[in-house]
Amino acid sequence: MSGARAGLILDRDGVINVDTGFVHRIEDCRFVPGIFDLLRAARARDFAIVVATNQSGIGRGYFSEADFHRLMEEIGHVVAAQAGTVFDAVYFCPDHPTEGIGVYRRENDWRKPHPGMMRQAIADLGLDPARSWAVGDKMRDLEAAAGAGIANLVLFDEDAASVTRSHGHWVVPKLTDVVALFDR
């Protein structure tokens, strides 16, 4: 995909905001240290910035799709104010194969570790997977990205001792460590 844009695809809970369990209100949202620096750095490199997030709390009946969209709009306002940028796209999967209720109880190629959301982002935004990055706090995030052909995979693990390379992906203890990886 010569000439295609690089992208930074981020999981939400655990990467953008602290994962305290089914976050769906801005008053419960605490941002992960370093996220605004990472977003600024990605935008300075002209990366498309994408959120791809499983949201089974919707499928479980804990909150609605409208609640999710409202929170993402509010997160977007904070990101604009703190990082001076916006998300180019937000993808989410409300389904869960065993815990979902009603129409949300199903398998879905968009639910990570499946690559559906990542593939859709690549198609919609014309991203070059070989130049794109994915950052997640769980292996399923990286599995989904790898399944879509994204070459640069980063596991954010605050308990990691240092930046390391392991099994084809990077492990970083701070989100700001990803910025240095962009330029390696």
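The values are calculated or read from the model by the stated rules, or taken from the named source; none is laboratory data. Predicted model only: the values in this text are computed from it and were never measured. Reconstructed Cβ throughout: ideal geometry from the backbone, glycine too, with neighbour counts over all protein chains shown.
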Within segment 74-97, the count of residues that are in contact with a Cys (Cβ under 8 Å, 6 or more places away or on another chain) and crowded, with 18+ Cβ neighbours inside 10 Å comes to 1
message: Can you find a residue that is of a type in the set (A, V, I, L, M, F, W, C) and more than 17 Å from the chain's Cα centre (by Cα) anywhere in segment 9-25?
response: no
So, first residue closer than 20 Å to Leu175 by Cα and outside any loop (DSSP other than H, G, I, E, B) in segment 9-32, second residue acidic (Asp, Glu) and modelled with pLDDT of 95 or more, Cβ within less than 9 Å, six or more apart or across chains; the pairs are Ile9/Asp141; Leu10/Asp141; Asp13/Asp19; Asp13/Asp137; Asn17/Asp28
Every listed condition ((1) over 19 Å from Val51 (Cβ atoms); (2) within 17 Å of the chain's Cα centre (by Cα)) holds for Val103 save (2)
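So that you can scan it fast, the table gives a plain yes or no per residue for (1) part of a helix (DSSP H, G or I); (2) loosely packed, with under 14 Cβ neighbours inside 10 Å; (3) at pLDDT 95 or above:
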site	(1), (2), (3)
Glu99	no, yes, yes
Lys112	no, no, yes
Arg119	yes, no, yes
Ala130	no, yes, yes
Gly149	no, no, yes
Glu158	no, yes, yes
Ala161	no, yes, yes
Arg184	no, yes, no
In the set Leu39, Leu71, the lone residue that is in contact with a His (Cβ under 6 Å, 6 or more places away or on another chain), part of a helix (DSSP H, G or I), buried (at least 16 other Cβ atoms within 10 Å of the Cβ) and without any contact (Cβ under 8 Å) to a residue 60 or more places away in the chain is Leu71
task = Taking Ala180 as the residue in question, decide whether it is under 23 Å from Phe31 (Cα atoms), small (Gly, Ala, Ser) and part of a helix (DSSP H, G or I).
result = yes
If you go through Gly84, Gly116, the only one that is out of contact with any Asp or Glu (no Cβ under 9 Å at 6 or more places or on another chain) and without any contact (Cβ under 8 Å) to a residue 60 or more places away in the chain is Gly84
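Within segment 42-68, take every residue that is in a loop (DSSP other than H, G, I, E, B) and in contact (Cβ under 8 Å) with a residue 60 or more places away in the chain and give me the one that is surrounded by the fewest Cβ atoms within 10 Å (Cβ to Cβ).
Arg45
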Result of the Cβ filter at 7 Å on segment 158-174, keeping first residues that are farther than 15 Å from Lys138 by Cβ and partners that are part of a strand (DSSP E or B) and not β-branched (Val, Ile, Thr), at least 6 apart or interchain, is Val163/Trp170; Gly168/Leu153
